[in-house]
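Below: the structure, in structure tokens.
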Amino acid sequence: MRPRGTPANPAAGDVTPAVLAIGRPDFPDVLIETLRRQAGVGHCMVFALSRAGAAHCLLDAGNIPIGGDLGAAYAGQFHQSDPNRDALFEGEGRATLVLPAFAPRMYGARYRKMFFVDSGIVDKCATAIWVDDTCFYVNFYRIAVQGRFSAPQRARLQAIAPAISASVARHFQHGSAATTEQSLAALFATRAPLASLTPREQDVCRRILSGFSSEAISQTLGISLHSTLTYRKRAYERLGISSQSELFAIVLRLLAGPRSLN
């Protein structure tokens, strides 16, 4: 049995900045900074693939100067020859896909020259998630000056892949109009176990997730510090947790779950 106080998900909180940036204009910057800190990712690109055969580059952030050109080329024609394509489409319906490890021999000569030789990319990891008819394909890269991903970095990417892919999908589904507060409010209103909390317990927990201190929560809600701490204690007991990290774990698990993007 897990000791009380131990996070339910070791990655909980590690990718919280990216989760809380969903819907904000700075989401790409927060995402790449989170990926750099967690797994040494140099560059991230996100593509939306449809069953009808269309592809679009949604995000290009990091240290590859020709990233924009690569995104346009991939969306224009090279997505058809991506060796991961079969795995992407065969995995439709699963919550999160972690794609096979990168190997240059997987790619054709033209693809390999443009995407790995000319760009300086020496390693790649990828994850994907399907939402209705769209596959959100998230690619993580390292260039020559960084070297290949280490085994611990690969393991870390695999651990945070569900939360990252779910966050990316939610961000691009809802667009910049969806604020952090709106995203959290939707989870608390509709998803167990968060929906089981009382309205005031939800108010307190949502502000904890948004980075408010107990004192700031008291001020914004117009209640005493003692009341804030009492609502937090009751909420944690109702959720069966004992720490902020475990609260983050619940949110990340809901984001990564198969129903989190409906």
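The values are calculated or read from the model by the stated rules, or taken from the named source; none is laboratory data. Bear in mind the structure is a predicted one, so any value in this text is a computation, not a measurement. With ideal geometry, Cβ positions are generated from the backbone for all residues, glycine too; neighbour counts draw on all protein chains shown.
Could we say that residue 79 is assigned by TED's automatic domain parsing to the domain that holds residue 142, of a type outside the set (Lys, Arg) and at pLDDT 95 or above here?
Judged against the criteria, residue 79 is not a match.
Can you tell which of 192, 155 is without any contact (Cβ under 8 Å) to a residue 12 or more places away in the chain, surrounded by fewer than 22 Cβ atoms within 10 Å (Cβ to Cβ) and either more than 30 Å from residue 221 (Cβ to Cβ) or in the same structural domain as residue 45 (by TED's automatic domain parsing) (or both)?
Of 192, 155, the one residue that is without any contact (Cβ under 8 Å) to a residue 12 or more places away in the chain, surrounded by fewer than 22 Cβ atoms within 10 Å (Cβ to Cβ) and either more than 30 Å from residue 221 (Cβ to Cβ) or in the same structural domain as residue 45 (by TED's automatic domain parsing) (or both) is 155.
Going by the structure shown, is residue 41 touching a helix residue (DSSP H, G or I) at 6+ places or on another chain (Cβ under 6 Å), among the hydrophobic types (A, V, I, L, M, F, W, C), at pLDDT 95 or above and not assigned by TED's automatic domain parsing to the domain that holds residue 212?
Considered against the rule, which asks whether it is touching a helix residue (DSSP H, G or I) at 6+ places or on another chain (Cβ under 6 Å), among the hydrophobic types (A, V, I, L, M, F, W, C), at pLDDT 95 or above and not assigned by TED's automatic domain parsing to the domain that holds residue 212, residue 41 comes out as yes.
List the pairs whose first member sits in the stretch 106-117 and is assigned by TED's automatic domain parsing to the domain that holds residue 87, whose second member is in a helix (DSSP H, G or I) and aromatic (Phe, Trp, Tyr), and whose Cβ atoms are under 6 Å apart, counting only residues at least 6 apart or on separate chains?
As it stands, the answer is 111/78, since those pairs meet every condition given.
State all residues of the stretch 196-249 that are outside any helix (DSSP H, G or I), surrounded by fewer than 20 Cβ atoms within 10 Å (Cβ to Cβ) and either among the charged types (D, E, K, R) or touching a residue at least 60 places away in the same chain (Cβ under 8 Å) (or both); if no residue qualifies, say none.
Within the stretch 196-249, 210, 211, 242, 243 meet the criteria.
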